[in-house]
Amino acid sequence: MTENDEALEFPFEQRCASLFRGLRGINEFHVSKAEFGRLSKLMRDPEKVFASLAEDDDLPLSPRVQEYYFRHKEISLSWRPVDEDSEMIAEFHLSHVMRAVAQNHLGDIWEGDDDSQRALHEELRVFDDTPRTGTGRMAALRASRGATDPEIWYFDMREGAMPMELDYAGYLDTLLITKGVIGWQYLYCEPEYSGLGFIPLADGLKDMLEIFPRLFPEHDYTDLRARLEART
């Protein structure tokens, strides 16, 4: 389903549609996928969704989280530069918040090595991953009982689960600014996590920060550049 198939009622949906149009208009990029997933009747009404999450899952999510609502089962983007010498590659695959909480339990796919990890993984709900590129990296919200603004963690099979400095809204804002370039999330984890998972992606992030200020001058990439320099 593309953004032209129906009216996009919510601001985050509209922002994603704008991102898709913008990327398709750049001849330096090849966009292989940019689409909105299926709608279900349940997900069309945010009041019912957030009431259900509060009552059934003890997640009374805050207005800040609710501002980023989208109705689609998923929103997916995958692209890469036409220049084959570039190390940059991009993908995101956002899951609807209810689907993430109900179905996408990190503990179901990566149990953990000890009791502490297992307890953490049981609380993590994956809402962004990379199924097309298969990187084994994913972002998850921590579904602690009573959480209004859940912690956000980033997981890769090399470093494990890493706490991020961003909240849910901040994650989605930064995702759109970085256009889903794989690895940007490490820049919001502690530098000590810039190991085996991060190193193969550093050159792609450098390409991003060389190219994006020219292509997207409406955004300020100063903070991202400083974070990358602190980790390389």
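Values computed for the structure shown
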| read-out | value |
| --- | --- |
| nm² value of the averaged projected area, convex hull over the Cα atoms of the range 1-90 | 7.1 |
| Loop-located GluC sites (Glu not before Pro) in the range 148-232 whose Cβ has at most 15 other Cβ within 10 Å (DSSP) | Glu165, Glu218 |
| At most 10 other Cβ within 10 Å, DSSP loop - trypsin sites (Lys or Arg not before Pro), the range 83-156 | Arg145 |
| Cα-based Kirkwood hydrodynamic radius, the chain, one decimal, Å | 18.2 |
| Assigned charges on the beta-carbon of Lys, Arg, Asp, Glu; the chain dipole about Cα centre (debye) | 640 |
| Ellipticity estimate at 222 nm from DSSP helix runs (n ≥ 4, -39,500 (n - 2.57)) divided over the chain, nearest 500 | -10500 deg cm²/dmol |
| Rounded FRET efficiency, nearest 0.05, which uses the C-beta distance separating Asp83 from His219 and R0 of 22 Å | 0.55 |
| Calculated from backbone phi, Karplus (6.51, -1.76, 1.60) coupling profile of the range 171-185 in Hz, x at Gly/Pro | 4, 5, 4, 5, 4, 6, 5, 7, 6, x, 4, 5, x, 4, 4 |
| Computed lengthening from Arg118 to Arg142, 0.36 nm per intervening residue step minus Cα-Cα distance | 7.3 nm |
| Bins of 10 Å, starting at 0 and running to the largest distance - Cα pair percent for the range 193-232 | 29, 52, 18, 1 |
| Label point at Asp149 placed 7 Å out along Cα→Cβ; residues across the range 191-232 whose backbone nitrogen lies under 14 Å | none |
| For the range 156-232 and the range 15-45, distance of Cα centres in Å | 21 |
| Solvent-accessible surface ranking, highest first, for Ser95, Ser52 at 1.4 angstrom | Ser52, Ser95 |
| Rh (Kirkwood; distinct C-alpha pairs) - the range 14-64, Å | 13.8 |
| Stokes-Einstein diffusion coefficient of the range 126-187, Kirkwood radius over Cα pairs, 25 °C, 0.890 mPa s, in µm²/s | 204 |
| Local net charge near Leu106, Cβ-Cβ under 11 Å (Lys/Arg +1, Asp/Glu -1) | -2 |
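The values are calculated or read from the model by the stated rules, or taken from the named source; none is laboratory data. Every value quoted in this text rests on a predicted model; they were computed, and no experiment measured them. Positions of Cβ are generated from backbone atoms using ideal geometry, with glycine treated the same way; all protein chains shown enter the neighbour counts. Areas reflect the complete protein model, heavy atoms only, side chains present, ligands, DNA and RNA absent. Shrake-Rupley method; radii C 1.70, N 1.55, O 1.52, S 1.80 Å.
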